[in-house]
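Q: One structure, pasted below without further comment.
The values are calculated or read from the model by the stated rules, or taken from the named source; none is laboratory data. Everything quoted here is computed from the prediction, not taken from an experiment. Positions of Cβ are backbone-derived with ideal geometry, glycine not excepted, and every protein chain shown enters the neighbour counts.
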Amino acid sequence: MRTCGIEIKGSEAIICLMTLKNGLFELPDCRQTRFVLSNDSDQQQMRHFQFTFAKFIEDYQVSQLVIKERPQKGKFAGGAVGFKIEAALQLIAGCNCAVISASEIKEQLKRHPLPVDFKATGLKVFQETAFVAGYAYLMK
C-alpha cells in the first residue's frame, strides 16, 4: 500500500510518499514535495489544486492519504486556506484519506520508534512532519 503523509502548513500541503512491504519501509522517488494553493483561492484555483493532486495520486498509485491534524482554535490553529486544502484532499475520489492527531502520532512513536534517523532518509527537513504522520499511520 502506497501512502502519502501530508502536513498542511499555511497555504501548502507538504508531502512524503512511503510504502511498507514485509516490515520494511521504502521512500520512492517523487517529482514533488509540496502543493501550493494561493491565499486568494477562488473556485477555479481550488479545482486546479484538487485536479493536480488527484493526478499526482494516480501517477504514483497512492492508495492512502494521511493528513496530520491541526488544531481548530488556539495559538497553533490552522488557517482558512489550510482547511480548504484538507477538504479538497478528503474529497478526491478513489483514494482513502485519514486524519491523524498529534497524540496518535506520539503514541505510535512510543510503541514503534523510528527505525532510522530522519537525516538518513534523504528527505528534505521540511518533510519530516509528513514523514512521521505517514509512518505513524502505517504502524497502526
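Q: Inside the range 1-113, counting only strands (runs of 3 or more DSSP E) that do not spill past its ends, which hold 1 or more residues that are at pLDDT 90 or above and in contact with a Leu (Cβ under 7 Å, 6 or more places away or on another chain)?
A: Details: elements: 2-9, 12-21, 24-26, 34-36, 64-68, 96-100.
In the range 1-113, 2-9, 12-21, 64-68, 96-100 are the strands (runs of 3 or more DSSP E) which contain 1 or more residues that are at pLDDT 90 or above and in contact with a Leu (Cβ under 7 Å, 6 or more places away or on another chain).
Q: Moving on. Mind listing whichever residues of the range 114-128 are among the polar types (S, T, N, Q) and at pLDDT 95 or above?
A: Scanning the range 114-128 gives a single hit, 127.
Q: Here's a follow-up. When you go through 62, 81 one by one, which is the residue that is buried (at least 17 other Cβ atoms within 10 Å of the Cβ), under 22 Å from residue 22 (Cα atoms) and of a type in the set (Val, Ile, Thr)? First the steps, then the outcome.
A: Numbers: 81 fails: under 22 Å from residue 22 (Cα atoms).
Among 62, 81, only 62 is buried (at least 17 other Cβ atoms within 10 Å of the Cβ), under 22 Å from residue 22 (Cα atoms) and of a type in the set (Val, Ile, Thr).
Q: Follow-up. Scan the range 45-73 and report the pairs whose first residue is of a type in the set (D, E, K, R) and whose second residue is at pLDDT 95 or above and part of a loop (DSSP other than H, G, I, E, B), with Cβ atoms within less than 7 Å and a gap of 6+ or a chain change.
A: 69/101
To keep it simple, each residue is scored yes or no on (1) small (Gly, Ala, Ser); (2) in contact with a strand residue (DSSP E or B) (Cβ under 7 Å, 6 or more places away or on another chain).
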position	(1), (2)
53	no, yes
71	no, no
86	no, yes
95	no, yes
133	yes, yes
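Q: Out of all the residues in the range 36-57, is one or more in contact with an Asp or Glu (Cβ under 8 Å, 6 or more places away or on another chain), surrounded by fewer than 19 Cβ atoms within 10 Å (Cβ to Cβ) and under 19 Å from residue 124 (Cβ atoms)? Even if it seems obvious, please write down each step before you answer.
A: First, the residues of the range 36-57 that are in contact with an Asp or Glu (Cβ under 8 Å, 6 or more places away or on another chain): 36-37.
Those still in the list that are surrounded by fewer than 19 Cβ atoms within 10 Å (Cβ to Cβ) too: 36.
Filter again for under 19 Å from residue 124 (Cβ atoms), leaving 36.
Yes, because at least one residue in the range 36-57 is in contact with an Asp or Glu (Cβ under 8 Å, 6 or more places away or on another chain), surrounded by fewer than 19 Cβ atoms within 10 Å (Cβ to Cβ) and under 19 Å from residue 124 (Cβ atoms).
Q: What single numbered condition from (1) surrounded by fewer than 16 Cβ atoms within 10 Å (Cβ to Cβ); (2) in contact with a helix residue (DSSP H, G or I) (Cβ under 8 Å, 6 or more places away or on another chain); (3) within 14 Å of residue 6 (Cβ to Cβ) fails to hold for residue 105?
A: Just one mismatch for residue 105, condition (1).
Q: Another question about this same structure. Within the group 33, 52, which residue is out of contact with any Cys (no Cβ under 6 Å at 6 or more places or on another chain), within 30 Å of residue 113 (Cβ to Cβ) and among the polar types (S, T, N, Q)?
A: When all the criteria are applied, what remains is 33.
Q: On the basis of being in a helix (DSSP H, G or I), touching a residue at least 60 places away in the same chain (Cβ under 8 Å) and either β-branched (Val, Ile, Thr) or surrounded by 13 or more Cβ atoms within 10 Å (Cβ to Cβ) (or both), does residue 134 make the cut?
A: Working: in a helix (DSSP H, G or I): yes; touching a residue at least 60 places away in the same chain (Cβ under 8 Å): yes; either β-branched (Val, Ile, Thr) or surrounded by 13 or more Cβ atoms within 10 Å (Cβ to Cβ) (or both): yes.
Criteria met by residue 134.
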